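Participant: Here it is, the structure in full.
All of the numbers you see were taken from the coordinates with simple rules; none came from a lab. Predicted, not measured: the structure shown is a model, and the values here were computed from it. Cβ sites come from the backbone with ideal geometry, for glycine too, and all protein chains shown count toward neighbours.
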Amino acid sequence: MSKLILTLDGTVIREFKIDKDSISIGRKHGNDVQLNDLTVSGRHALVSTMGENTYIDDLGSTNGTLLNGARVSKSILKHGDTIQTGNYQFTYFREDTEEFEPTMFLRAEIEDTQVISGAFSPGNDTRGQPLAGVRIINGPLAKKVLELRKSFNTLGFNGVKLAVITRNNDGYTIAALKTSKNRRTNDSPSVNGKPIATEPSRLNDHDMLELAGTQMEFFYFK
């Protein structure tokens, strides 16, 4: 099944499975994906599936719909394409595409809701502490930078959570999550080439993370 990965300022917010003929995106209530953002039109765009193909349609929005940085009215979607509506981005993934399987994700642990707000802030216990992020090195999201603002951020693939990055008062730690759903031994996450333990370990500036073939660099924003 195909899906859309919603991000804001490089942070993964939520995944939406494309499990029906069309998914509407817009600011108004009644859209399948409602974005609380004044740069998004009431009825902004439509993702529709016909046969084996999925399309993005702009619905006459004020600020337009961008596909890989170019304004479009209607276009077929390919695996890894990026759609922008207002300040938000969606990355299109086809799970039957072998080249980029398995699909890696980094997800901030936030309230599960269809209404997405533009207001994000770190937890009170970490306010004022240095902010870190991960930079993806390879794969369809190469060069993307994901901020680790939330107290808990999970890493995984195909919906299976494999590790958690925790933001503390004195920095960040990472720990493996127990699961029986691994398909291959090399799906297990590692830091600097060593498997991650279930006990939290400190993350240091420029540590290299790897998960299911996806390489990421952990770093502090200067």
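Participant: For the cross-link pairs 74/222; 78/194; 74/144; 28/178; 74/150; 20/194, which exceed 32 Å when the distance is taken from alpha carbon to alpha carbon?
Facilitator: From 74/222; 78/194; 74/144; 28/178; 74/150; 20/194, over 32 Å: 74/222; 78/194; 28/178; 74/150; 20/194.
Participant: Still on this structure: Would you mind getting me the FRET efficiency between residue 222 and residue 1? Use the beta-carbon distance for r and R0 = 45 Å, nearest 0.05.
Facilitator: Numbers: r = 40 Å, r/R0 = 0.89.
E between residue 222 and residue 1, to the nearest 0.05, is 0.65.
Participant: Express in whole angstrom the spacing between the alpha-carbon centres of the stretch 13-51 and the stretch 190-222.
Facilitator: Comparing the Cα centres of the stretch 13-51 and the stretch 190-222, I get a distance of 34 Å.
Participant: Sticking with the crude label model, points 7 Å out along Cα→Cβ, report the distance from residue 145 to residue 170 in nm, one decimal please.
Facilitator: 2.8 nm
Participant: Out of the DSSP beta bridges found with both residues in the stretch 1-45, what percent are antiparallel (nearest 5)?
Facilitator: 80 percent
Participant: Right, next: R0 = 25 Å: FRET efficiency of residue 197 with residue 137, Cβ-based, nearest 0.05?
Facilitator: Calculated transfer efficiency: 0.65.
Participant: Using modelled amide H (1.01 Å from N, peptide plane; none on Pro or chain starts), what sits under 5 Å from the amide H of residue 14, excluding residues fewer than 5 places away?
Facilitator: 6
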